[in-house]
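What follows draws every value from the coordinates through simple rules; no lab data is involved. Note that the coordinates shown come from a computational prediction; the quantities given were computed from them, not determined experimentally. Cβ sites come from the backbone with ideal geometry, for glycine too, and all protein chains shown count toward neighbours.
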Amino acid sequence: MARDKSGGLKAASLILRIATVALSVVSTVTMASATQPADAGSPAALSKVSYSDYNSFRYSVAANVISAALQAVAVYLTTVHGGRKQEAKAAKSLAELVDTAVQVLLYSSSALSFAVVDFGSCGGRCPGVCETAEAFCWRVRASGAISIAAAFALSASLYIKDVPISVSLDGDEHKSGPGCGRGCHCHH
């Protein structure tokens with residue numbers, strides 16, 4: 001008995017989309033919790049370092065919040081189809097636009113997070129923020145890694161959804177359709 005392979009792929013795509021939402025939220029929380037008292041050797045003006053001290057990291061938090069919200073909308077658009085064909089087509093087009101925006105936000109957020117080592121270093125001429133607040137930098141980098149994971153989850157979701165994968169679910173990988181009978185679908 002042949003199984004419906006597209007149903008499993010749709011479910012996998014949906015799970016990856018939901019993972020994108022969850023990872024975006026986790027990245028937001030990780031970045032928002034990036035706060036550390038400065039080391040004893042730090043200047044008095046730097047009694048505490050926080051993500052909110054840097055516009056780039058505030059952008060990262062905002063980008064992850066927006067990407068989680070947009071991807072939740074995309075999950076809705078791809079799972080709830082309108083009664084009419086036109087509505088379903090419009091929802092699919094809007095979901096594709098949202099997916100592109102989410103990828104841009106997640107990749108830019110992660111890039112800014114990974115650049116934390118350069119913050120305050122004046123091009124390497126003086127110690128940066130990571131010299132005095134290692135735990136802070138670790139959390140910022142972790143947030144960036146989680147953002148990249150969210151972007152990869154979304155990319156995988158889109159790949160699974162859009163690219164036909166010829167994986168056999170019921171052991172009939174040697175059966176061929178019309179053609180030569182050798183597994184290809186050519187007409188010799």
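So between residue 115 and residue 155, what do we pick up on full extension, going 0.36 nm a residue minus the alpha carbon distance? Here the answer is 12.1 nm. Protection proxy ranking for 84-93, 66-75, 154-163, 139-148, using the average of other Cβ atoms within 10 Å per residue and placing the highest first: 139-148, 66-75, 154-163, 84-93.
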